[in-house]
Each structure stands twice: as C-alpha cells, then as structure tokens.
C-alpha cells in the first residue's frame, strides 16, 4: 500500500521492523536501511539499474534478508515544491513495487539530499572515485534519516 502522508505510513508499520530507504536515479538505486528501533539510517549499497524486474528482484532480496517492514522512496520535488517528471517516475516505481510486496511504501521529500551527501563526503575527504561509488546510497541514508526523524517525532510527540 502506498501512503502520501508520513503519518499514515507510520500507522501501517509493523513494530520492531527496520525500514528501507531508496534514492531512485535514472541509472542507480541507492539503498539505506534503518535499525529496528527506527532511529539510525545506514547507507547500504547502490544497485545499478537494468530493468524494473531485475531492480525489484535485487531490492526484494535485500528486504527479505533484513526483515524490512516498510519502504521510503525519496520524492524528487522541484525546488518550488511542485512535482515534475522525476516524481511521476518515482510514483510509477512505487505502484509497480506494490504489485510485488505488501509492505507499506511512503515518500519523503528528497530535495537537496544528494547535495548534503556530497558535502558530507567532501568534508570526509573522500576521493572523487569513491564519492561516485557511494553517493547514491549515502543520499538514500539522508532521505531515510529525515523520514526516521519525522517518524520519531510522530510516535513520541
């Protein structure tokens, strides 16, 4: 089931299950996972996109191996908050994924997540080659951490 509101997504989550965060790009999918307490996002890996069936299979393998209870997709809104073609593509990916899993799927505004990830990697003095290898799953970590922080506020607030 797909939820546009993070509060509805939170209500659909099974207790003590990790969440997977995704940064969907045209060529890659950055993947991050949380702990079961939903407090810390950890960048995991980057999947090179081929076609939906193969991409979904790789994602579902991660989800199964890590007992994931929900999926957060970064929603690439325009800077003015509107939704363009990349948002439509992300929503289509979510619709296709719901045919393969019953897990709740939510969206998180990912504006500037890649910029933040790039800045963090530069501050860590990461080489250009290494940055290009890890930027997508580090960005997924930023997306997921934002959603986790909001979920903590909802659950405790």
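The values are calculated or read from the model by the stated rules, or taken from the named source; none is laboratory data. Predicted model, so just to flag it, every value in this text is computed and none were measured. Because the Cβ atoms are built from the backbone with ideal geometry, glycine has one as well, and the counts that use them run over all protein chains shown.
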First in the range 35-48 and free of Cβ contacts under 8 Å to residues at least 60 places away in the same chain, second anywhere and surrounded by 18 or more Cβ atoms within 10 Å (Cβ to Cβ) and outside any strand (DSSP E or B), Cβ under 8 Å, 6 or more apart: 47/55; 47/59
Selection within the range 117-126 - assigned to a helix (DSSP H, G or I) and modelled with pLDDT of 70 or more: 118, 119, 120, 123
Can you go through 133, 83 and tell me which one is assigned to a loop (DSSP other than H, G, I, E, B), at pLDDT below 95 and over 11 Å from residue 20 (Cα atoms)? 83
For the range 98-111, check the following and say yes or no: at least one residue is closer than 24 Å to residue 5 by Cα, exposed (fewer than 12 other Cβ atoms within 10 Å of the Cβ) and at pLDDT 70 or above. yes
Is it the case that the range 52-75 has a residue that's farther than 13 Å from residue 20 by Cα, in contact (Cβ under 8 Å) with a residue 12 or more places away in the chain, assigned to a loop (DSSP other than H, G, I, E, B) and touching a helix residue (DSSP H, G or I) at 6+ places or on another chain (Cβ under 8 Å)? no
Determine if the range 20-33 includes at least one residue that is at pLDDT below 95 and in a helix (DSSP H, G or I). no
